[in-house]
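For reference, the structure discussed in these notes is given below.
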Amino acid sequence: MEDAPVSVSPSPSKPDHLTPSAEVPPQPNAPVRDLWARARHVALPLGSLLLFLVVWQLLAASGTWSETLVPPPARVWDAFLTVSTTHDGVRGYNGTYLVEHLGISVRRIAIGAGVGIALGVLFGLLMGTVGWVRSLFEPWITFLRTLPPLAYFSLLIIWLGINEEPKVTLLAVAAFPPVAVSTTTAVAAVPKHLVEAARALGASRWDVVRDVVVPSALPETLTGVRLAVGVAYSSLVAAELVNGLPGIGGMVKDAANYNNTPVVLVGIIAIGISGLIIDGLLLRLERAVVPWRGRA
């Protein structure tokens, strides 16, 4: 008896989109993408700056406001050159160049904000680790944080005079609360299991603070430092209201007394640009010190 022939059915063909011969759309080159991202990162701020200057020029040329109120960009540029060089035998503004005014103000901020930041970190660590210290000082720090600088600047002048002391003290008081609050919050949020594990391994209280609490709280503390420097910069003009020359805030205040709007704008722009530079440096420091932030 012969075996029945076995029929072999053809295997089903794969769809065209599943075959290896299917064309894959080319992916954009990674270096090209990076180059475009960098170009866009630079082009967008420059474009916004150009747009701002065009709108400014149009408003100044419209005649809606006088040049005393809204001077054109060209007048502000001329004022910048005047306060940055010797003009008609006069050095800068009030005998001091713009860069010198700015340097004196930055020095005041460095001293005042530096003291405020150091005290803020210290109090934040204490309040975050010791409950009764937090209960004792937190209401006072919150009270101080809500006060505008001008509210107590006159009192500082009465107590400390009109020289450098009230200016530096005002900047220190303004910078202290943001750092203290951010450090306290960061220390209180340290995972308990890390602290318990360190203690189980025989770590002392100081070892726990140094090796566990401080590294865990460092990212939020550095954010508080950036906020504190920003608050100190916003308080700069207030700190230099009295006897502020030389100083960029004092220059702005003195020019405003004489309706010298171009010099006022030069001072404001100088404060803003220097603040951006310092904040960028602090951001780079934060990325270098805590490179793990924002990564899983």
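A few notes on this one:
- Hey, Val242 outside any helix (DSSP H, G or I) and at pLDDT 85 or above or not: yes
- Any hit, region 150-164, residues being within 23 Å of Pro291 (Cβ to Cβ), assigned to a helix (DSSP H, G or I) and among the polar types (S, T, N, Q): no
Results for (1) over 31 Å from the mean Cα position of the chain (by Cα); (2) in a helix (DSSP H, G or I); (3) modelled with pLDDT under 85, shown as yes or no for each residue.
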site	(1), (2), (3)
Ala186	no, yes, no
Val190	no, no, no
Ala203	yes, no, yes
Asp207	yes, yes, yes
Arg210	no, yes, yes
Val213	no, yes, no
Leu218	no, yes, no
Leu222	no, yes, no
Arg226	no, yes, no
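- Conditions (1) open to solvent by 10 Å² or more (accessible area, probe 1.4 Å); (2) touching a strand residue (DSSP E or B) at 6+ places or on another chain (Cβ under 9 Å); number of the one not met by Ala189: (2)
- Summed over region 280-289, residues that are at pLDDT 90 or above and of a type outside the set (A, V, I, L, M, F, W, C) total 2.
- Residues of region 42-56 satisfying the condition of being among the aliphatic types (A, V, I, L, M) and either more than 23 Å from the chain's Cα centre (by Cα) or under 21 Å from Pro72 (Cβ atoms) (or both): Leu46, Leu49, Leu50, Leu51, Leu53, Val54, Val55
- Counting the residues of region 252-277 that are open to solvent by 50 Å² or more (accessible area, probe 1.4 Å), in contact (Cβ under 8 Å) with a residue 12 or more places away in the chain and over 19 Å from Ala74 (Cα atoms) gives 1.
- Among the residues of region 230-251, at least one is under 19 Å from the mean Cα position of the chain (by Cα), hydrophobic (A, V, I, L, M, F, W, C), farther than 21 Å from Glu100 by Cβ and open to solvent by 30 Å² or more (accessible area, probe 1.4 Å).
- Within region 109-128, tally of residues that are open to solvent by 50 Å² or more (accessible area, probe 1.4 Å) and either over 13 Å from Pro178 (Cα atoms) or in contact (Cβ under 8 Å) with a residue 24 or more places away in the chain (or both): 6
- Flag for Ser235 being over 30 Å from Ala189 (Cβ atoms) and among the hydroxyl-bearing types (Ser, Thr, Tyr): no
- When every residue of region 90-101 is checked against the conditions, none turns out to be farther than 21 Å from Lys253 by Cα, open to solvent by 60 Å² or more (accessible area, probe 1.4 Å) and β-branched (Val, Ile, Thr).
- Cβ separations smaller than 8 Å between residues 6+ apart or across chains give the following pairs from region 143-167 residues that are without any contact (Cβ under 8 Å) to a residue 40 or more places away in the chain to residues that are aromatic (Phe, Trp, Tyr) and surrounded by 11 or more Cβ atoms within 10 Å (Cβ to Cβ): Leu144/Phe176.
- Any hit, region 260-278, residues being at negative phi and assigned to a loop (DSSP other than H, G, I, E, B): yes
- Hey, Ala198 part of a helix (DSSP H, G or I), among the small types (Gly, Ala, Ser), at pLDDT below 85 and open to solvent by less than 60 Å² (accessible area, probe 1.4 Å) or not: yes
- On inspection, Phe137 passes the criterion of being surrounded by 14 or more Cβ atoms within 10 Å (Cβ to Cβ) and closer than 30 Å to Ala174 by Cβ.
- Qualifying residue in region 57-73 (condition: without any contact (Cβ under 8 Å) to a residue 24 or more places away in the chain, among the hydroxyl-bearing types (Ser, Thr, Tyr) and in contact with a helix residue (DSSP H, G or I) (Cβ under 7 Å, 6 or more places away or on another chain)): no
The values are calculated or read from the model by the stated rules, or taken from the named source; none is laboratory data. None of the values given here were measured: they were computed from a predicted structure. Cβ: placed from backbone, ideal geometry, glycine included. Neighbour counts: every protein chain shown. Ligands, DNA and RNA are stripped out before the accessible areas are found, and what is left, the full protein with its side chains, is counted by its heavy atoms. Shrake-Rupley method; radii C 1.70, N 1.55, O 1.52, S 1.80 Å.
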